Each structure stands twice: as structure tokens, then as C-alpha cells.
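Derivation of every value follows stated rules applied to the coordinates shown; laboratory data play no part. In this text the structure is predicted, and so the values were computed from the model without any measurement.
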């Protein structure tokens, strides 16, 4: 599977939306050193974004990341037990993902959340 670093934080946020707190902590512990190496994110930022993702049911990033002027959205893909097993994300120019368009893109990605076929 190819990883897109542009949406990495968003995908990480989406992948944690249905995890237990212990599961989220494990994901953070595993990924935090790699994200710190990018020099763009710190632990407080990551935890804040994950909390926001939990509240929204999806993760969104606007203008923060490796490429200035980029934005992304990620939604969790759930298994039959409701566990996040992956994240589906889209990256685009920040100007194309404004506040008016964000809900439409989330809906196109499958809403909150996307369930795996049974």
C-alpha cells in the first residue's frame, strides 16, 4: 500500500476514530516518532487533531502539512465489528476545499463513516 505523507495525519486521525483509548495510544506511540521527524507536527498537535477527528467522525487538514496550500480529508473504513481497518483520504489544493465544499466531499467519501461491504 502506498502512503501519502500529505494526508498522513488525517489518515491517522481517521484510523483512530473507532479505536479504544488504549488502541489510540498504541497508534500514537507507534507513529509519533515518524511524524516528529517530519518537523511539522508535535504530540500536542497530533492529539488535538485526533480528538477533533473523534468529534467529527472524519479528519480534515487545511493548509498544514508538507506542502503549503494543500488540504485533505480522511474517513475511516470500518470492518463488520465497527473497527477502523483503513482510511480513505483525498488531497487537493486548499482553495478547492473551502468550508462550503467540505461537507460535500465528506459525503462523497461515504459520510460518517464508510462501512466495509458485508
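Taking 0.36 nm per intervening residue step and subtracting the Cα-Cα distance, what contour gain separates residue 37 from residue 80 on full extension? Mind dumping the intermediate values first?
Values: separation 43, 0.36 × 43 = 15.48 nm, distance 3.48 nm.
Stretched out fully, the residue 37 to residue 80 stretch lengthens by 12.0 nm.
Between residue 48 and residue 104, the contour length at 0.36 nm per residue exceeds the Cα-Cα span by 17.8 nm.
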